[in-house]
1. Scan segment 122-147 for residues that are acidic (Asp, Glu) and either in a helix (DSSP H, G or I) or buried (at least 16 other Cβ atoms within 10 Å of the Cβ) (or both) and report the count.
2. Just name the residue that is nearest to the chain's Cα centre (by Cα) out of those in segment 88-121 that are open to solvent by 60 Å² or more (accessible area, probe 1.4 Å) and in contact (Cβ under 8 Å) with a residue 12 or more places away in the chain.
3. When residue 124 is evaluated against the numbered criteria (1) basic (Lys, Arg); (2) closer than 19 Å to residue 83 by Cα; (3) over 14 Å from the mean Cα position of the chain (by Cα), which criterion, by number, is the only one it fails?
4. Of all residues in segment 16-46, how many are under 27 Å from residue 75 (Cβ atoms), open to solvent by 100 Å² or more (accessible area, probe 1.4 Å) and at pLDDT 85 or above?
5. For segment 148-176, which positions are open to solvent by 50 Å² or more (accessible area, probe 1.4 Å) and farther than 20 Å from residue 82 by Cβ?
6. Of the residues that sit in segment 1-15 and are open to solvent by less than 100 Å² (accessible area, probe 1.4 Å) and at pLDDT below 80, which one is farthest from residue 118 (Cα to Cα)?
7. Do we have any residue at all in segment 165-180 that's assigned to a helix (DSSP H, G or I), without any contact (Cβ under 8 Å) to a residue 24 or more places away in the chain, aromatic (Phe, Trp, Tyr) and on the phi < 0 side of the Ramachandran plot?
8. Could you list all residues from segment 191-219 that are surrounded by 14 or more Cβ atoms within 10 Å (Cβ to Cβ) and among the polar types (S, T, N, Q)?
Amino acid sequence: PGYNVSYVGWWPDPLEEKASFNVGENTVQPIWIEVYAPENLPAGKYSGEIVIKATNSQPKKIKLNVDVWSFSLPKETHLKTAFDFYDGRLKKMYPQKQGEDAQGHTNRIYELKSKYYIDMIKHRIMPIGNFDLSSATALGDLKYYIDNGLSAFAIGKYNGSSDNNWPKEPEKLNELMSIYRGYAQTLKENNLMDKAYIYTYDEPKYGDPFVDEVTKMVHQADPQLKNMVCLERYEVTMGFPLPAGMPLGA
């Protein structure tokens, strides 16, 4: 990674479901198994078995016991979170295959990204998304994710995920006001305003007046649009006081 970390090596990562896989010789391979109970399943103890079949070996059966409790979690979580997901890194980890054209690779990345999003949502982690509401697919994608439990998402192509890529020229920044006014109208027409926000800025320097200009532009476009400004972690954990009158405008 491009920053200091305590450990470099293999990390656990969401995986697509697989019925078969290869395990190298003298290798220990963990297997992650998740069990979901139907919403209206009566409470009680349930049992079953997992069967592992290896080439040139007898099947191995493992008993599985599950306690089902007398309540169901709602599909939508009410604790709203914002967890970033970088498309560029996905493309880097899943490069274009031999014989795969550019459009085929784009489609594969799109489908894979959707699987990651659904996996995050199932585990009650809300991907930021930064959905471009001017895109023809954005509303359809949002409906699909919301039907699966998405409770919060960010909108727009300018954001903290993209290195705070707002235009610095005041006239160009003000030109965005009509775009964000259109975003707000789209959100209202589709009853999505309560779930939407703009990931306005990531870790600005304290007192940066440009952050104030950006957040003001968003609120001037529509007062119901919400800003999210992320501050540097060490300032919070060390308990340093924030400067008086710090302009964040969030």
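The values are calculated or read from the model by the stated rules, or taken from the named source; none is laboratory data. Since the structure is predicted, the reported quantities are computational estimates derived from the model, not experimental observations. A quick note on method: Cβ atoms are made from the backbone with ideal geometry, for glycine too, and the neighbour counts reach across all protein chains shown. Please note that ligands, DNA and RNA were not included when accessible areas were found on the heavy atoms of the full protein model with its side chains. Shrake-Rupley method; radii C 1.70, N 1.55, O 1.52, S 1.80 Å.
1. 2
2. To start, the set of residues in segment 88-121 that are open to solvent by 60 Å² or more (accessible area, probe 1.4 Å) comprises 89, 91-99, 101-103, 106-107, 110-111, 115.
Narrowing the set further to residues that are in contact (Cβ under 8 Å) with a residue 12 or more places away in the chain leaves 91, 94, 115.
Numbers: 91: 16, 94: 18, 115: 11 Å.
If we take residues in segment 88-121 being open to solvent by 60 Å² or more (accessible area, probe 1.4 Å) and in contact (Cβ under 8 Å) with a residue 12 or more places away in the chain, then 115 is nearest to the chain's Cα centre (by Cα).
3. Result: residue 124 passes all but (3).
4. Within segment 16-46, residues that are under 27 Å from residue 75 (Cβ atoms), open to solvent by 100 Å² or more (accessible area, probe 1.4 Å) and at pLDDT 85 or above number 4.
5. 168, 169, 170, 171, 172, 174, 175
6. Kept after step one, since they are open to solvent by less than 100 Å² (accessible area, probe 1.4 Å), are these residues of segment 1-15: 2, 5, 9, 13-14.
Imposing the further condition that a residue be at pLDDT below 80 reduces the set to 2, 13-14.
Details: 2: 28, 13: 14, 14: 11 Å.
Selected residue: 2.
7. Residues of segment 165-180 that are assigned to a helix (DSSP H, G or I), as a first pass: 170-180.
Retained after the next criterion (residues that are without any contact (Cβ under 8 Å) to a residue 24 or more places away in the chain): 171-172, 175.
Next, from what is left, pick out any that are aromatic (Phe, Trp, Tyr): none.
No, segment 165-180 contains no residue that is assigned to a helix (DSSP H, G or I), without any contact (Cβ under 8 Å) to a residue 24 or more places away in the chain, aromatic (Phe, Trp, Tyr) and on the phi < 0 side of the Ramachandran plot.
8. Selection gives 200, 215.
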